[in-house]
Amino acid sequence: MGRQTILVVDDSYLNREILKDILSPDYQIVEAVDGVEAITILEAHCKELSLVILDINMPRLDGFGVLQEMNDRGWIDRVPVVTISAEDSSQFIERAYSLGVTDFISRPFHEIVVRQRVSNTIQLYQKQHELLSLVTSQMLERERQNNLMVSILAHIVEFHNGESALHVVHISTMANILLKHMKRRDPNLVLERGEVACITMASALHDIGKIAIPPEIINKPGRLTNDEFAIMKTHSEKGAEMLENLPIFQDEPLVRCAHDICRWHHERWDGRGYPDGLKGDEIPLSAQVVSLADVYDALTSERVYKPAYDHRTAMRMILDGECGQFNPQLMACLEDAADEIQRDLGSSSLETVSHAGVVAVISQIEEIDELSEVDKESMLSDVASLVELELFEAQA
């Protein structure tokens with residue numbers, strides 16, 4: 001493995017040479033004579049740098065200008081910065097810290113101090129990113145374990161229904177897409193941290209009550225009689241009752257969310273749904289989203305009693321109100337996300353059997369406001385790598 005690379009930015013040739021003499025035995029040194037040249041190097045090699053040592057007083061673009069540019073482009077979260085200056089006023093230090101500086105090196109340079117501060121800063125950033133990777137891995141593993149029983153139960157339902165096992169994947173995928181679009185369209189929409197992930201996972205249990213419906217009704221290759229349809233409609237109440245009767249976990253958000261989805265995912269915005277005839281925002285958002293996703297997937301999937309409609313036809317039927325009334329804001333999100341839904345659901349496969357858990361992890365990462373965009377990007381990259389490794393091992 002090659003040595004770590006440090007970018008030294010200083011208009012003084014003497015300062016650059018002194019720092020190079022101190023650090024070159026342990027690090028690869030790249031030099032820039034001013035802020036403009038530093039930005040050019042950062043544009044090309046930011047991911048390869050372990051540290052930037054930055055002078056503040058320089059021509060063309062000073063150190064504060066470089067720091068501002070690094071903030072604007074997100075580089076400050078990827079590579080640490082140690083500044084060089086003889087200035088020690090509180091105003092100077094406060095401004096430097098506010099722009100993301102990690103530490104300071106004063107002139108004249110003291111070899112031991114320079115080497116130790118450089119080493120400490122690089123190690124600190126390495127540990128931080130190692131911790132992010134570890135947290136990502138642990139989150140993914142925890143969600144997979146949590147999702148295991150959900151997936152098992154959901155696929156038992158699908159087996160009982162005679163429906164495709166991809167139905168669960170489609171519902172969780174589409175629910176996640178719709179929720180993200182709702183958050184973008186309505187900045188006043190309040191979703192607690194983790195709620196998108198919770199709804200995504202709980203959506204897999206929306207039809208668990210169908211376990212209690214006789215298979216001759218579930219799989220009847222034709223139109224149900226009025227009596228049969230009345231029995232079929234009880235699956236929403238039965239699913240909610242199953243969850244209500246759990247002896248433990250009643251306070252868990254996943255259980256509460258799954259209960260709401262099970263009971264009310266057949267309600268409609270105009271009050272003409274079932275089982276309780278809820279209207280408008282009386283229907284929990286989780287159930288509204290899963291309801292729309294369920295209708296779309298039912299239309300675009302082949303059933304024992306009907307062929308599959310194509311994406312465009314299904315969209316037209318929903319938007320024209322042929323499948324009941326839905327939240328107008330949710331319908332707008334459906335239109336916005338039409339291409340994304342067609343792409344993501346069309347590319348689903350049985351390899352994504354733990355898809356709800358993966359989507360839940362991604363949703364949780366995206367909702368962590370305290371993380372920088374670069375850290376989120378790093379964690380999402382780790383998720384992708386872990387999933388890719390798992391699929392490779394499964395196929396080996």
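Filter the stretch 234-253 down to the residues that are modelled with pLDDT of 95 or more and either β-branched (Val, Ile, Thr) or touching a Phe, Trp or Tyr at 6+ places or on another chain (Cβ under 6 Å) (or both) and list them by number.
Thr234, the sole residue that qualifies.
Just to be sure before I move on: is Asp294 closer than 23 Å to Glu241 by Cβ, assigned to a loop (DSSP other than H, G, I, E, B) and either acidic (Asp, Glu) or more than 28 Å from the chain's Cα centre (by Cα) (or both) in the structure I sent?
No, not satisfied.
Quick check on my filter: what residues within the stretch 40-66 are aliphatic (A, V, I, L, M) and within 20 Å of Leu19 (Cα to Cα)? Show your work before the answer.
Of the stretch 40-66, the ones aliphatic (A, V, I, L, M) are 41-42, 44, 49, 51-54, 56, 58, 61, 66.
Answer for the stretch 40-66, where residues must be aliphatic (A, V, I, L, M) and within 20 Å of Leu19 (Cα to Cα): Ile41, Leu42, Leu49, Leu51, Val52, Ile53, Leu54, Ile56, Met58, Val66.
So which of Asn120, Asn146, Asn188, Asn161 is more than 30 Å from Leu23 (Cβ to Cβ) and at pLDDT 75 or above?
Within the list Asn120, Asn146, Asn188, Asn161, the selection yields Asn188.
Gln91 passes all but one of (1) closer than 18 Å to Asp10 by Cα; (2) part of a helix (DSSP H, G or I); which number fails?
(1)
Would the stretch 307-314 turn up any residue that is among the basic types (Lys, Arg) and at pLDDT below 55?
For the stretch 307-314, residues among the basic types (Lys, Arg) and at pLDDT below 55: absent.
Mind listing just one residue for me: the one in the stretch 88-125 that is of a type in the set (D, E, K, R) and loosely packed, with under 13 Cβ neighbours inside 10 Å and, of those, nearest to Asn57 (Cα to Cα)?
To start, the set of residues in the stretch 88-125 that are of a type in the set (D, E, K, R) comprises 88, 94-95, 103, 107, 111, 115, 117.
Imposing the further condition that a residue be loosely packed, with under 13 Cβ neighbours inside 10 Å reduces the set to 88, 94, 111.
Numbers: Asp88: 13, Glu94: 16, Glu111: 22 Å.
If we take residues in the stretch 88-125 being of a type in the set (D, E, K, R) and loosely packed, with under 13 Cβ neighbours inside 10 Å, then Asp88 is nearest to Asn57 (Cα to Cα).
Quick check: is even one residue across the stretch 254-263 at pLDDT 95 or above and among the β-branched types (Val, Ile, Thr)?
Yes, the conditions are met somewhere in the stretch 254-263.
If you go through the stretch 268-291 one residue at a time, how many are part of a helix (DSSP H, G or I) and among the aliphatic types (A, V, I, L, M)?
Keep residues of the stretch 268-291 that are part of a helix (DSSP H, G or I), which gives 280-282, 285-291.
Right, trim to among the aliphatic types (A, V, I, L, M) and you get 285, 287, 289-290.
So the answer is 4.
Yes or no, residue by residue, for (1) crowded, with 18+ Cβ neighbours inside 10 Å; (2) in contact with a Gly (Cβ under 9 Å, 6 or more places away or on another chain):
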{"residue": "Ser291", "(1), (2)": "yes, yes"}
{"residue": "Tyr296", "(1), (2)": "yes, no"}
{"residue": "Arg303", "(1), (2)": "no, yes"}
{"residue": "Ala308", "(1), (2)": "no, no"}
{"residue": "Met317", "(1), (2)": "no, no"}
{"residue": "Phe326", "(1), (2)": "yes, no"}
{"residue": "Ala332", "(1), (2)": "no, no"}
{"residue": "Glu340", "(1), (2)": "no, no"}
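Restricting attention to the stretch 242-273, and to residues there that are β-branched (Val, Ile, Thr) and in contact (Cβ under 8 Å) with a residue 12 or more places away in the chain, which single residue is nearest to Leu292 (Cα to Cα)?
Ranking the candidates gives Ile261 first.
Of the residues that sit in the stretch 79-95 and are modelled with pLDDT of 90 or more and hydrophobic (A, V, I, L, M, F, W, C), which one is farthest from Asn120 (Cα to Cα)?
If we take residues in the stretch 79-95 being modelled with pLDDT of 90 or more and hydrophobic (A, V, I, L, M, F, W, C), then Val79 is farthest from Asn120 (Cα to Cα).
Sort through Glu43, Glu69 and tell me the only one that's farther than 16 Å from Tyr125 by Cβ, surrounded by 17 or more Cβ atoms within 10 Å (Cβ to Cβ) and at pLDDT below 95.
Answer to the check: Glu69.
The values are calculated or read from the model by the stated rules, or taken from the named source; none is laboratory data. Small disclaimer: the values here were computed from a predicted structure and weren't measured. Neighbour counts are summed over all protein chains in view; Cβ atoms, including those assigned to glycine, are modelled from backbone coordinates with ideal geometry.
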